[in-house]
Amino acid sequence: MPVDTTRVRREPRLSSRTLQTVKAPGTYRGLRMPPPRVNLPRLRLPLRTPRLLLRAYSLRDPPRIARWLSDREVSRTIPLWPQYDLADGTAFVRSARATLRSGDGYRLAIAIRGSGEYVGSCGLEIRSLRDRRAHIGYWVARPFWGQGIASEAASRLCQEAFRTLRLHRIETGVVRGNPASRAVLRRLGFRSEGWARENFRVDGEYRDCEMMGLLAREFRPYTPPPGPVVAAASDPPDPEPGTARPA
Ligand SMILES: CC(C)(COP(=O)(O)OP(=O)(O)OC[C@H]1O[C@@H](n2cnc3c(N)ncnc32)[C@H](O)[C@@H]1OP(=O)(O)O)[C@@H](O)C(=O)NCCC(=O)NCCS
């Protein structure tokens, strides 16, 4: 029986060049391979919760980002350099907006409904479209800790990830000694899946990370407490533009 050669597609050739991470036209994630055939629907932004708005980042946000992330108590358990300034904040916003446009993920600003105050960040990055798997990350400015903001934001994002994007699994890693983040994840149904040894560096010291995973069927949405969000009195001062406080 004759072979229909028109149906045979040439395999992409792998070389060091094809493994570069720079995106080029006709490539997917920098690899010369056909783009995935799974198309995820787009989330309609902003996402609303009883007390919060999860919105796209704007070029008005960098001064606030630099202000909150120059607080070492916030930045030391997330993968950032010890100092975080206005230029880093601007780069972060540009990158978040590019990710949103590409559909590779959703890095969203957390704002208080009503006042619009920017208090943190919550993001989902699609790690494998084929496996419908994503990574979640978040941080909240220190004056707003302990009021359920991270739980409320992460819960909304997980809800959209499972309901609208139809993902199957969300995962993340929590550095040893970060009980608040662990509490947020456990509350939403995340389970511990073991430890990645010394894969996170905090203040020059390698620490283990607990790998946490959540399957769609395990998700428990979070209901926030009644009443408004209030800022604690220990609001750190603004850094000078273009500078960051020392670590
Ligand atoms: C982790 C973080 C986002 C939590 O934000 P948050 O808005 O305060 O979180 P929530 O209020 O929703 O929940 C925090 C939970 O941790 C608990 N918690 C806080 N400190 C704790 C501690 N030392 N030991 C045990 N539990 C603690 C709180 O009691 C709360 O649980 P509860 O409501 O059941 O009492 C915030 O601390 C932060 O930004 N940390 C730095 C960045 C970071 O670590 N991001 C996560 C990376 S994996």
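Couple of notes before you dig in:
- Shape of segment 45-218, Cα gyration tensor, a/c cut at 1.5: rounded
- Length added when fully stretched, S115-V202, from 0.36 nm per residue minus Cα-Cα: 27.9 nm
- Gain upon complete extension [R101, R166; 0.36 nm per residue less C-alpha separation]: 21.5 nm
- Kirkwood Rh, angstrom, segment 31-135 [1 / mean 1/r, Cα pairs]: 15.1
- Taking a point 7 Å out from the Cα of A232 in the direction of its Cβ, the residues of segment 173-199 whose backbone N falls within less than 19 Å of it are 177-185.
- Charge context of R48, other residues only, Cβ under 12 angstrom, K/R +1, D/E -1: +3
Since every read-out is calculated from the coordinates, none of them should be taken as a lab result. Values in this document were obtained by computation on a predicted structure and should not be read as measured data. Don't worry about glycine lacking a Cβ; one is built from the backbone with ideal geometry, like all the others, and counts go over all protein chains shown.
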